[in-house]
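As structure tokens, the structure follows; a few thoughts come after it.
The values are calculated or read from the model by the stated rules, or taken from the named source; none is laboratory data. None of these values were measured; they are calculated from a predicted model. Ideal geometry is used to build each Cβ from the backbone, glycine not excepted, and the neighbour counts take in all protein chains shown. Quick note on the areas: whole protein, heavy atoms, side chains included, nothing else; ligands and nucleic acids left out. Shrake-Rupley method; radii C 1.70, N 1.55, O 1.52, S 1.80 Å.
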Amino acid sequence: MHEYSLACEIFEQVISTAEAHGALEVRHVILEMGRLAHANPEQLSFCFKAIAEGSIAENAEFIVEMIQPSLECECGYTGTLDKTQAGKDDELLSELLEYISALECPICGKNARITGGRELIIKSIDIETEVEK
Ligand SMILES: [Zn+2]
């Protein structure tokens, strides 16, 4: 499963970062995920929890923030791509964008490059370094 291997990578990064900071517990993991990253946030969260069981990240809250794809055109236009612009719903849009790398610019009508939306980044990790009294 795609999400499982992604969750493994995220888990390893979280643990190594947390341990480098002397964490006793990981409380939050905030992940930024582009709409085009082709991962299901719920499945990712589920896999992460399964992998983290028994580790210091066992009780961590796993938060996924979605990032909209962005467009950049040679006319100077930059913007985020939303579903009203593309006239498609989210799921169709992600499928569509898998096959194309440019969309019509809303300003000049030329092909605007899709510049973002595939990222999968650990935005922040909230750790506990002292035992709570
Ligand atoms: Zn343009």
In the range 23-75, residue modelled with the lowest pLDDT [restricted to those that are within 16 Å of the ligand (Cβ to nearest atom) and open to solvent by 20 Å² or more (accessible area, probe 1.4 Å)]
70
Within the range 112-129, work out how many residues are in contact with a strand residue (DSSP E or B) (Cβ under 7 Å, 6 or more places away or on another chain), modelled with pLDDT of 90 or more and either of a type outside the set (Gly, Ala, Ser) or not assigned by TED's automatic domain parsing to the domain that holds residue 40 (or both).
8
Which is more than 21 Å from residue 8 (Cβ to Cβ), at pLDDT 80 or above and either among the acidic types (Asp, Glu) or within 16 Å of the ligand (Cβ to nearest atom) (or both), of 91, 132, 104?
104
Could you list, in sequence order, the residues of the range 1-44 that are touching a residue at least 24 places away in the same chain (Cβ under 8 Å) and of a type in the set (Gly, Ala, Ser)?
7, 18, 22, 23, 34, 37, 39
